[in-house]
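So the structure is just underneath, and the comments pick up after that.
Every number in this text was worked out from the coordinates using simple rules, so none of it is lab data. Everything quoted here is computed from the prediction, not taken from an experiment. We place every Cβ from the backbone using ideal geometry, glycine too, and count neighbours over all the protein chains shown.
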Amino acid sequence: MGQTREKKLSNRNLKSQQKQQTGGELVPELPSQTQPAIVLSHIKHASTPNGLPRKSHRPFPSSVKDFISSKRVDTSLIQVHDFGPGKGLGLVATRKIEPGTLVLEEEPVIRLTEEEERDSSQLHDLLQSRYQCLTDIDKAEFRNLHDTKKTDFSPRQSIYWSNDYNLKAPRSQYGGSCLGLKASRINHSCTPNVQFSFMEPESLTSSSAADPVSAESASEGDDASSVTSMDHDDAGAPQNCKNGVMRFYAIRPIKRGGEIVSNYDSAYLTSEQRQLNQRVYYGFQCDCSVCRPDTDGNAISDGRRKKMIRYRHMVKDAEQRWRARAIDAHPRRQLEVTSKLDSEHTMAHAAYTASSPNISLSSMKPEISSIIETLECLVDLLKREGLNGVELADVYSKLAKWSERADDMDAVEEWLKKEHATCIIAFGADSRRVKKVEERLDLLERSDKGKVKV
Ligand SMILES: C[S@@+](CC[C@H](N)C(=O)[O-])C[C@H]1O[C@@H](n2cnc3c(N)ncnc32)[C@H](O)[C@@H]1O
């Protein structure tokens with residue numbers, strides 16, 4: 001059934017969607033080096049390491065160490081390559097890598113919570129003290145990392161902000177950022193072939209060692225975030241093992257010698273917007289296949305991205321209208337299957353029920369169908385752009401939610417299954433997001449595809 005529907009969806013005429021209204025954001029943007037690079041001077045690299053960067057000798061907190069060793073990441077899959085002046089070092093595949101392969105997993109050597117990041121007066125001292133805790137080998141590796149020479153910052157901070165990954169997510173208790181010595185060598189592409197995710201340390205000790213939902217899905221329809229594409233587990237407080245684990249899963253086939261690339265920014269930007277961000281924040285000009293100006297690839301991709309942005313706005317607007325109506329009509333009576341597990345968002349997800357006196361399903365059906373079609377078009381565009389990671393998973397999640405609103409429980413199951421398959425590839429079968437989708441599928445099964453009363 002899935003195949004047939006998928007085919008049907010991808011053949012839909014996109015034109016009708018273009019006429020619809022626009023709105024806000026959908027997917028939280030990806031890993032990011034968030035601080036602006038004001039001036040870029042010549043970047044001096046460490047001499048090219050032979051093979052992978054040296055293994056960190058920093059003692060891992062035990063649960064992190066056990067977790068990482070239990071994953072058996074094949075560290076021979078990637079090696080450092082020098083791309084020369086400008087781009088500098090990067091990671092390349094030593095052999096063909098299939099989607100769903102865990103390409104890199106490491107504990108960040110430095111982690112800052114959002115609260116720590118906020119206090120700029122303390123940041124210099126804080127980073128200095130975190131740096132001082134590193135082993136001599138890690139200190140040397142840190143000093144050799146790429147430095148965009150951010151003029152407003154001390155040298156340590158400049159290196160940190162040139163290489164950190166943003167961990168902000170709507171439901172993350174800690175947020176902030178982190179820096180991994182190996183992950184820092186991953187270059188950017190607007191069509192990434194790996195998906196970044198992050199596991200808070202407490203999730204590593206639980207039986208379902210897991211990670212979180214993406215910032216996008218964590219907000220379930222609250223598309224305001226622009227922090228993209230993370231799997232983020234944030235329950236409980238980091239105590240003994242405070243740094244968590246960074247993971248990068250292949251989301252597209254990577255050929256032998258192919259570069260490992262992640263997206264530093266949102267996928268929902270035109271090439272002009274991306275280039276501006278890259279210049280201002282990261283100090284480079286991307287020359288990936290969809291960025292090279294005056295090429296067919298660039299023009300086609302830009303056309304798709306513009307539609308993606310518009311459709312995402314349409315969905316966000318519809319979500320806001322839905323919530324406003326649902327909360328007015330019936331604040332707490334029912335949770336949707338697709339969001340039942342997001343207890344924090346109970347109010348926000350209170351939705352239409354047949355018993356609701358103020359909303360009639362029939363009056364909303366045309367709007368619901370239109371949003372479902374818009375989301376289906378978004379799936380098609382994301383696939384054409386090769387954006388097979390969190391962006392795709394998040395749109396499947398929304399399709400399940402809107403299908404439930406349409407009372408089409410067969411479709412809910414179908415979309416949840418697609419989200420499940422996508423998340424296994426992008427975040428790993430043991431990820432928290434995969435577990436959450438499995439719980440939703442179980443719930444659906446148990447409720448015999450009916451709605452679940454709270
Ligand atoms: C996190 S570092 C990545 C590793 C870095 N190339 C190195 O030598 O360590 C980010 C920096 O790498 C360079 N970079 C990353 N992606 C690039 C791309 N697609 N094209 C050109 N330079 C890139 C930029 O200088 C950017 O500020």
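At-a-glance table
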item: For L104, distant residues with modelled amide H under 5 Å away; result: F248
item: Sites A140 and R384 - FRET efficiency at Förster radius 35 Å, r taken between beta-carbons, to 0.05; result: 0.20
item: Calculated from backbone phi, Karplus (6.51, -1.76, 1.60) coupling profile of segment 81-97 in Hz, x at Gly/Pro; result: 10, 9, 8, x, x, x, 6, x, 7, x, 10, 10, 7, 7, 7, 4, 10
item: Alpha-carbon Rg with Dmax, taken over segment 109-157, Å; result: 11.1, 29
item: Pairwise label distance in nanometres, E272 with K417, each label 7 Å out on the Cα-Cβ vector; result: 4.3 nm
item: Extension reserve of the K255-A429 stretch, reckoned as 0.36 nm per residue once the Cα distance is removed; result: 60.3 nm
item: Charge tally in the Cβ shell below 12 Å around S154, where Lys, Arg are +1 and Asp, Glu are -1, S154 excluded; result: 0
item: Under Karplus coefficients 6.51, -1.76 and 1.60, residue-wise ³J(HN,Hα) of segment 394-409 in Hz, glycine/proline x; result: 5, 6, 4, 4, 5, 4, 4, 5, 6, 5, 5, 4, 7, 6, 9, 6
item: Cβ crowding within 10 Å averaged over residues, with 244-251, 100-107 ranked highest first; result: 244-251, 100-107
item: Rounded FRET efficiency, nearest 0.05, which uses the C-beta distance separating K96 from N298 and R0 of 25 Å; result: 0.35
item: Under 5 Å, built H, 5+ apart or other chain: amide partners of T148; result: S162
item: Distance between modelled label sites at E115 and S370, nm, 7 Å Cα→Cβ extension; result: 4.5 nm
item: Calculated FRET efficiency for the pair D74/S447, C-beta based, R₀ 30 Å, to 0.05; result: 0.15
